[in-house]
Amino acid sequence: METVLITVDKKVDKEKIYSQAVDLLNQGEVVAFPTETVYGLGAVATDDEAVKKIYEAKGRPSDNPLIVHIGTIEEVSDYVEEVPEKAKKLMERFWPGPLTLIMKAKPDVLAKSVTAGLPTVGIRMPDHEVALELLRTLKKPLAAPSANRSGKPSPTKAEHVYEDLKGRIPLILDGGTTGIGIESTVLDVTVDPPVILRPGGVTKEMLEAEIGEVAAPSLKEQQLESTPKAPGMKYTHYAPEAPVYLIERNREKIEKTVRELQNKGHRVALLAPSNYASIPADYFFPFGEEEDRKQMAANLYDALRACDKTDATIILATTTSTEGVGAAIMNRLHKAAGGKFI
Ligand code: TXA
Ligand code: MG
């Protein structure tokens, strides 16, 4: 299959592009599109055959459910049994935006493979012009995971989608680099207090300011049988080819570690804030300014993918505090590193 990549910007005939994407989706095909977090790979969420093509193109395990994307808040009640009061507040405050709410699904409305057999469904309204225009032209919900091959970092650029899914999907809408750079916060509102299943752009602090207590299980608590989980969080994610080790932001320690590794014959890639560029690693990929966690989130996946393009044999990534969006960054870094620390 040939994969077409179309840039959606002000200069082009947008109507023609959206109708081409909508036609493909209505024919049961998959289409990749940008959101404010990462690129998604969409299929009509009520079409089981189409949704199965998402799993196939990604190589995704079939027990990992997909997020349903909608273009208006009103549509939520078409797909869920009941919208808890706290969920209503959160939608008013954070939609469109990087917050996925897990609620009880209405039976037999969405395709079976969307929910992977669970009684619940994750829904969000993305905050991106291209995603919203696509949803509103289509007038149907889109099931969409991140548009990467399973196990690769989520795509923050159309080129990343092309690298991973070329020949496997018919169309990519290129809306430039995504703003936030890590996936949405997944919040389970079927329990009280609600539980963060995956930290993201909407932080615990922001949620609590709106609805009071929110649980954010620690790494240890996540191991417990009784803690609610996102099925996807058990898989090793976002792992580049070379092993990743986390290291604290301490210039001397980083310098010493780089030297020791090089003496052992390693080629070292360093992911760190831009002011660490002078450390003589073999490759350096800046996250942005020190302490600017927004930039760090936006650059993280691109930097991990860039490491894959080098012949580095080991990757060192500096840690950050878990304040605000730092919780999401550390969650992803932990996964990329498989928990390994220097
Ligand atoms: O920002 C995002 O959320 C991006 C963009 C494209 O919207 N999407 C995304 O989807 O990251 P995906 O499939 O890569 O991650 C969805 C996560 C998985 O960990 C999945 O297990 C979890 O949400 N999830 C989906 N439905 C769920 C449910 N009913 N219960 C618990 N977890 C669920
Ligand atoms: Mg994903």
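The values are calculated or read from the model by the stated rules, or taken from the named source; none is laboratory data. Model, not experiment: these values are computed from the prediction. Ideal geometry is used to build each Cβ from the backbone, glycine not excepted, and the neighbour counts take in all protein chains shown. Ligands, DNA and RNA are stripped out before the accessible areas are found, and what is left, the full protein with its side chains, is counted by its heavy atoms. Shrake-Rupley method; radii C 1.70, N 1.55, O 1.52, S 1.80 Å.
Cα centroid separation, the stretch 310-339 to the stretch 229-297: 7 Å. For the stretch 77-218, the share of accessible area belonging to carbon and sulfur comes to 48 percent (1.4 Å probe, ligands and nucleic acids excluded).
In Å², what does the accessible area per residue of the stretch 183-284 work out to with a 1.4 Å probe?
Values: 5310 Å² over 102 residues.
For the stretch 183-284, the solvent-accessible area averages 52 Å² per residue.
Using only Cα atoms, find the angle between the long axis of helix 129-138 and the longest principal axis of the chain, and express it within 0 to 90 degrees, rounded to the nearest 10. For 129-138 against the chain, the angle is about 30 degrees.
Per residue, the accessible area of the stretch 1-79 comes to 44 Å², computed with a 1.4 Å probe over protein heavy atoms only.
Counting only Cβ charges, +1 for Lys and Arg and -1 for Asp and Glu, the dipole size of the stretch 151-288 around its Cα centre is about 660 debye. DSSP assigns beta bridges within the chain; of those with both partners inside it, close to 35 percent run antiparallel.
The three principal axes of the C-alpha atoms in the stretch 86-182 carry coordinate ranges of 38, 30, 28 Å, sorted with the longest axis first.
Computed in the context of the full set of protein chains, the accessible area of the stretch 250-301 at 1.4 Å probe radius has 45% of its extent on carbon or sulfur. Pairs from the list LYS58/LYS152; LYS152/LYS335; LYS104/LYS335; LYS229/LYS335; LYS52/LYS112 with a Cα-Cα gap above 18 Å: LYS104/LYS335. Report the Cα centroid-to-centroid distance between the stretch 195-220 and the stretch 14-71 in angstrom, as an integer. So the separation of the two Cα centres works out to 28 Å.
Can you figure out the FRET efficiency of LYS166 with ILE73, using R₀ = 25 Å and their beta-carbon distance, to the nearest 0.05? Mind dumping the intermediate values first?
Values: r = 35 Å, r/R0 = 1.41.
After rounding to 0.05, the efficiency reads 0.10.
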